[in-house]
Amino acid sequence: MTVTVAALGFPRIGPQRRLKTALEAHWAGRLEAADLQREAATLRALAWRRQAHLGVDHVPSNDFSLYDHVLDTAVMVGAVPAAYGWTGGPVDLPLYFAMARGTQGRQACDHGCAHETAATGVPALEMTKWFDTNYHYLAPELSPGQAFALTSTKVVDDFLEAKAQGIFTRPVILGPVTFLKLAKSKDKDFQPLSLLSALLPVYAEILQRLALAGADWVQIDEPCLALDLTDFERAEIRRAYGALTHAAPRIRILLASYFGTYGDNLATAANLPVDGLHLDLVRAPQDLDAAIALARDSLVLELGVVDGRNVWRADLTAILDRVEPIVAARGPDRVILAPSCSLLHTPLDLAIETDLDPEVSQWLAFAVQKLEELAILAKALNQGRAAVREELDAAGAAVASRKTSPRIHDAAVQARAAAVTDRDATRATPFEQRIVLQQARLSLPPLPTTTIGSFPQTAAVRQARAAHAKGQLADADYAKFLRAETARAVAWQQEIGLDVLVHGEFERNDMVQYFGERLNGFAFTRHAWVQSYGSRCVRPPILYGDVSRPAPMTVEWWAYAQSLTDKPMKGMLTGPVTILQWSFVRDDIPRGQTCRQIALAVRDEVVDLEAAGAAIIQIDEAALREGLPLRRGDWDAYLAWAVDAFRIAASGVRDETQVHTHMCYSEFNDIIAAIGAMDADVISIETARSKMELLDAFEAYAYPAQIGPGVYDIHAPRSPGSGEMLDLLAKAGARLSPAQLWVNPDCGLKTRKWEEVEPALANMVAAAKAAREQLVGV
């Protein structure tokens, strides 16, 4: 009997982001569906073999997805909304991707306009953040009386596929209670959890089929157990797992929650009739003693001891000190070692990062290295520490180096952050006074039009950036290329009649990485990609030390763009909370301290933009809500330092300078007071997929400032017509004063194509003109 190692999930995108390449080739019509499926099978096989080679005993299957695992679950249980025209039977790839990305249809403009057509396709499912991560999932859409049926056997098929290759896997399934809690309904009064009785037979059938296929363990993820649950919800969890274990007694269930503490849900989880329980001991080390006290002797405890969401090397000796007594007390066969959560959230392999500074590199571990760490720990527990003495010493030396390196600490940065006062985080006058000065300065029409910041990063832009990075394009030639792209974008915006312009951000690789590369305290990789959604991958910077801004970061490009037009040109910045959230953040000081340092660096840039003449400065805080702790009891402390950081960044300007912010794919109801406390003059938000429902929170709160509700869902490859956008603006006007409204897309347009963007934004301008007549009479 030995301690074994498990992985809860592995990066899906594969080496060199091969999944992204295949998906985008398929969507562009260059790769047939059969070829896409063959590439997916190859990537699954590579992941299974690699994990087995690294010493993983419980290799996951069904963690791979062509787009999103929550969407896969909806397809598995037949939860396909009627709008997609599904009449039962297997869900094919076109339907699957329609739910993920929407469909594009065309019809003549209902206003008879010669310059546009209106889209008649079906929008994608609503997209939102996966708990407190930067991964986006597609929310299932359910309705009263929803019928469920097993319409996809992907979970069984993947298990058998791996088995045929000689790899015996532990299938992973999103649990029924979490699935229902993540679901949405057009009926506001409907509670999807009421469908549990209808859903459980499908889950029971899947478990029975897995047992017949030969699976001995199945991992069922119920991360809702890290949330605040009601007594009724806990009772439903007990009912669900009582039914599932009764229906499929031949298969052992490992129940997994992660991202936070079980807290008051631990007694429920530990007493379920399951065979194993996963503990996230990185986010919730306090759960260990309580779980041991509650666990029956036969319950296998899976200990998530290596951080599955960050990139820092583990202190292996400290972990062994904690785990060895548990193994001795419970026996090695009742302890499994694992990452804290799925490795979906970490880059694939540190070994290919040959350009990283060696000192920083020794502090890091990506997905492959984290599994190596677990194998070392298991070997130490099974054979004794002497068997891995060299590996333990190397890990200990790296941890010690990180603690003592002078690159981590900057006394001047720490002193400046400590000296911040309330005045530094407060605008000179209230919004009601500021907006009068701003309107006089800007002279904008009602419902002014703008975009969120970025324009399409075309193949030419990406190729020029890559050539410049490789030294194949001289600095002067690259700058000339970027100026030409910027000039074209500015001229086109003027041509279609946008009121407030942006420079397009062609010089930026990423809204966080671009700034991190210009700040002290950050390191960067070439290949450390992680999935954000679908084929969208990001390469988060590594924030390892104290943060400061050595020089202006955006002023030169803003000044060039503003020189091309008399219309207002927005200065575009990423906010401190978003830079923090979308980086791999140091874990040696509180996150709030790091965020304040970033805020002061952003403040310096804001002040410099204003001094250069910027009348509007946008500080994007797309990640404010995703940073919320999962437990409401911890919200106030987080929101206090997060809102404070934004205010520090924004409050160095004069009253007549207008400060915008942007938030995307968030549920605002619970944090609307904090959004109000940010004291931005204008906020733009995602509302197109929700059909303006997200404005309900702003209406109920009587939000005093101005709002740009998104009328163009940029995450779907469709160009909505002006009629569709006008309908959305009418809904916005019914909730808020037209004097408050701006008109803009949901988010930046970096990932879209010009042939999609050009008609969509022309339609948006037309919709704004019609809305002025309809809502304001102008």
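The values are calculated or read from the model by the stated rules, or taken from the named source; none is laboratory data. Everything quoted here is computed from the prediction, not taken from an experiment. Cβ sites come from the backbone with ideal geometry, for glycine too, and all protein chains shown count toward neighbours. When the accessible area is computed, the model is the full protein with side chains, heavy atoms only, and any ligands, DNA or RNA have been set aside. Shrake-Rupley method; radii C 1.70, N 1.55, O 1.52, S 1.80 Å.
Numbers below:
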{"item": "Neighbour-limited loop hits for trypsin sites (Lys or Arg not before Pro), the stretch 1-58 (at most 14 other Cβ within 10 Å; DSSP other than H, G, I, E, B)", "result": "R30"}
{"item": "Placed amide H near S257: partners under 5 Å, 5+ positions off or other chain", "result": "E222, H278"}
{"item": "Trypsin sites (Lys or Arg not before Pro) within the stretch 448-551, DSSP loop, no more than 10 other Cβ atoms inside 10 Å", "result": "K470"}
{"item": "Percent breakdown of C-alpha pair distances by 5 Å bin, ordered from the shortest bin, for the stretch 106-265", "result": "1, 8, 14, 17, 17, 15, 10, 6, 4, 3, 3, 2, 1, 0"}
{"item": "The stretch 285-412, Cα convex hull volume normalised per residue, Å³", "result": "131"}
{"item": "Calculated Rg and Dmax of the chain using C-alpha coordinates, Å", "result": "26.2, 81"}
{"item": "Karplus-derived 3J(HN,Hα), 6.51/-1.76/1.60, for each residue of the stretch 762-778, Hz, glycine and proline x", "result": "4, 5, 5, 4, 5, 5, 5, 5, 5, 5, 4, 5, 6, 9, 10, x, 9"}
{"item": "Whichever lysines have a C-alpha closer than 19 Å to that of K154, once near sequence neighbours (fewer than 8 apart) are set aside", "result": "K163"}
{"item": "Where N is the number of residues in the stretch 399-491, Cα Rg divided by 2.2 N^0.38 Å", "result": "1.84"}
{"item": "Rg followed by Dmax, in Å, when the stretch 576-639 is reduced to its Cα trace", "result": "13.8, 43"}
{"item": "Qualifying trypsin sites (Lys or Arg not before Pro) for the stretch 541-647 [loop in DSSP, other Cβ within 10 Å: at most 15]", "result": "R631"}
{"item": "The chain - mean residue ellipticity at 222 nm from DSSP helices (-39,500 (n - 2.57) per run, n ≥ 4, rounded to 500)", "result": "-12500 deg cm²/dmol"}
{"item": "Radius of gyration, Dmax [the stretch 361-411; alpha carbons; angstrom]", "result": "13.3, 45"}
{"item": "Charge dipole of the chain about the Cα centre (unit charges at C-beta), most positive-ward option of L225, V500, A365", "result": "A365"}
{"item": "Members of K129/K184; K186/K731; K129/K570; K20/K753 lying beyond 19 Å, as alpha-carbon distances in this model show", "result": "K129/K570"}
{"item": "Straight-distance crosslink candidates among aspartates and glutamates, where the alpha carbon sits under 15 Å from K691 and sequence neighbours closer than 8 are dropped", "result": "E126, E141, D187, E667, E699, D713, E724, D727, D746"}
{"item": "Amide H contacts under 5 Å for L741, placed H, 5+ residues apart", "result": "L447, I707"}
{"item": "Cα-centred dipole magnitude for the chain, charges only on beta-carbon of K, R (+1) and D, E (-1), debye, nearest 20", "result": "880"}
{"item": "Distance histogram for the stretch 614-752 (every C-alpha pair counted, 5 angstrom bins, percent rounded to whole numbers)", "result": "2, 10, 20, 22, 19, 15, 9, 3, 0"}
{"item": "Selection from A124, A183, F668, by position along the positive dipole direction of the chain (Cβ)", "result": "A124"}
{"item": "Distance histogram in 10 Å bins (all Cα pairs of the stretch 226-265, percent per bin)", "result": "26, 47, 27, 1"}
{"item": "Approximate shape of the stretch 478-522 as ellipsoid semi-axes (Cα gyration tensor, √5λ), whole Å, largest first", "result": "26, 13, 6"}
{"item": "The stretch 632-717, dipole about Cα centre (Lys/Arg Cβ +1, Asp/Glu Cβ -1), debye to the nearest 20", "result": "140"}
{"item": "Rounded percent of accessible protein surface that carbon and sulfur make up, the chain, 1.4 Å probe", "result": "52"}
